[in-house]
Amino acid sequence: MNKRPAWILPIIIFSQFTGTSLWFAGNAIIADIQRQWSLGDSALGFVTSVVQLGFISGTLCFAVFAVSDRYSPRKVFFLCSLLGAFSNLLVYLVADGFTSLMIFRGLTGFFLAGIYPVGMKIASGWYRQGLGKALGFLVGALVLGTALPHLLKGSGHHVPWETVIVAVSLISASGGGLMYVFVPDGPHLFKGTSFNGKALKLIFERRDLRAAAFGYFGHMWELYTLWAFVPMFLITYTTHHPAVKLNIPLWAFTIIAVGSLGCIGGGIIAGKFGSAKVAFVQLLCSGICCLLSGLIFQASPLLFLSFLLFWGIVVVGDSPQFSTLVAYTAPKELVGSALTIVNCIGFFITIISIQLMTSLLPIIPSDYIFLFLAIGPLIGLGSLRSLVHKKI
């Protein structure tokens with residue numbers, strides 16, 4: 001019997017947290033570089049989308065070439081943490097305008113494909129029992145990592161954007177080093193089957209798998225667009241209430257980071273009620289938040305911030321459960337391919353949603369712009385209904 005050292009899961013979680021801090025580094029500093037480089041208002045949407053596009057490209061590349069099967073996942077994680085950190089650092093060292101910013105943020109997204117999914121595989125090598133709970137903690141770490149750049153920016157009134165970029169790169173590289181040194185390949189690590197594009201057909205033909213996938217697609221329509229535009233949500237409130245002073249980056253961090261509670265709590269509760277029910281309830285609550293978003297700007301600061309904190313919990317808390325549902329409903333020999341394809345389609349949907357939000361901003365008052373996010377939860381809930389009564 002292989003005994004698992006007590007430090008394995010904490011280090012995997014911490015390394016996942018540090019590596020994924022690269023994700024929104026550009027978002028945390030966008031206001032500063034918009035002023036410095038005279039970028040337009042649409043820069044936020046494009047900077048967010050290019051990271052998603054890089055991640056999609058990297059995920060497909062890693063899957064097709066079976067990178068984490070041919071090589072030790074911890075070595076892949078370490079190398080991608082270093083390369084992702086360096087790509088992010090190039091925004092400070094080399095970038096001098098929109099084009100170079102997009103290139104380096106896209107490269108960062110590409111190397112994130114060797115951090116987030118590969119971190120999951122490293123965990124699966126150590127956990128045969130209790131993997132669902134472990135993945136709940138790992139997605140929670142992803143949420144905290146995504147929010148971290150906002151915390152760095154909000155930790156002082158005049159933190160230069162260059163400091164945020166350098167700090168995030170150092171943090172990412174250090175986490176990759178910890179993973180490499182302290183987490184050897186686990187005893188349950190196995191080589192997956194080669195990537196099979198036929199899984200795409202099954203996603204649309206197999207009823208339960210289709211239900212899980214389309215539930216995830218609806219979830220993704222909302223998630224990253226809300227995260228990207230949380231600072232704008234807060235700024236809009238302060239324009240309605242000039243007397244209210246908010247530390248925008250700090251609150252953006254808190255609203256995104258609190259989603260880790262939804263991931264961890266949902267993972268624990270799913271063990272009793274099933275992933276489908278947990279995902280359905282959280283997606284329903286998140287959809288209601290979308291529909292109420294136009295009214296909340298008139299609320300008191302306490303109610304407004306409480307509303308956003310609740311939304312932050314439920315908007316991502318269902319994410320680990322959707323991965324569980326896809327894995328459970330896909331044929332065993334195609335689980336890896338199905339997860340890869342579903343994730344790639346989901347992240348592509350985030351690009352469409354983010355760009356649509358960007359194009360609607362000049363047309364629709366910002367008070368009501370978040371109403372269109374409800375489209376995703378409505379579609380997702382309709383798809384999930386067939387799974388709710390099953391013990392999945």
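Table for the structure above
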quantity	calculated
Filtered residue count, the range 1-22, keeping only those that are buried (at least 24 other Cβ atoms within 10 Å of the Cβ) and free of Cβ contacts under 8 Å to residues at least 12 places away in the same chain	0
Unmet criterion (only one of (1) at pLDDT below 95; (2) closer than 17 Å to residue 31 by Cα) for residue 137	(2)
Pair list, Cβ < 7 Å and 6+ apart or interchain, from the range 339-368 residues that are more than 20 Å from residue 235 (Cα to Cα) to residues that are crowded, with 23+ Cβ neighbours inside 10 Å and among the aromatic types (Phe, Trp, Tyr)	342/216; 346/216; 347/55; 349/221; 350/224; 353/221
Members of the range 345-378 found to be closer than 19 Å to residue 283 by Cα and not β-branched (Val, Ile, Thr), listed by number	346, 347, 353, 370, 371, 372, 373, 374, 376, 377, 378
Selection within the range 301-320 - among the polar types (S, T, N, Q) and surrounded by fewer than 17 Cβ atoms within 10 Å (Cβ to Cβ)	306
Verdict on residue 286 being within 21 Å of residue 123 (Cα to Cα), of a type in the set (S, T, N, Q) and buried (at least 21 other Cβ atoms within 10 Å of the Cβ)	no
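Conditions tested, residue by residue: (1) surrounded by fewer than 23 Cβ atoms within 10 Å (Cβ to Cβ); (2) within 18 Å of residue 142 (Cβ to Cβ); (3) touching a Cys at 6+ places or on another chain (Cβ under 7 Å).
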site: 25; (1), (2), (3): no, yes, no
site: 43; (1), (2), (3): yes, no, no
site: 47; (1), (2), (3): no, no, no
site: 60; (1), (2), (3): yes, no, yes
site: 63; (1), (2), (3): no, no, no
site: 66; (1), (2), (3): yes, no, no
site: 70; (1), (2), (3): yes, no, no
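The values are calculated or read from the model by the stated rules, or taken from the named source; none is laboratory data. Remember, predicted model here, so these are calculated numbers, not experimental data. Glycine also receives a Cβ, built like all others from the backbone with ideal geometry; neighbour counts cover every protein chain displayed.
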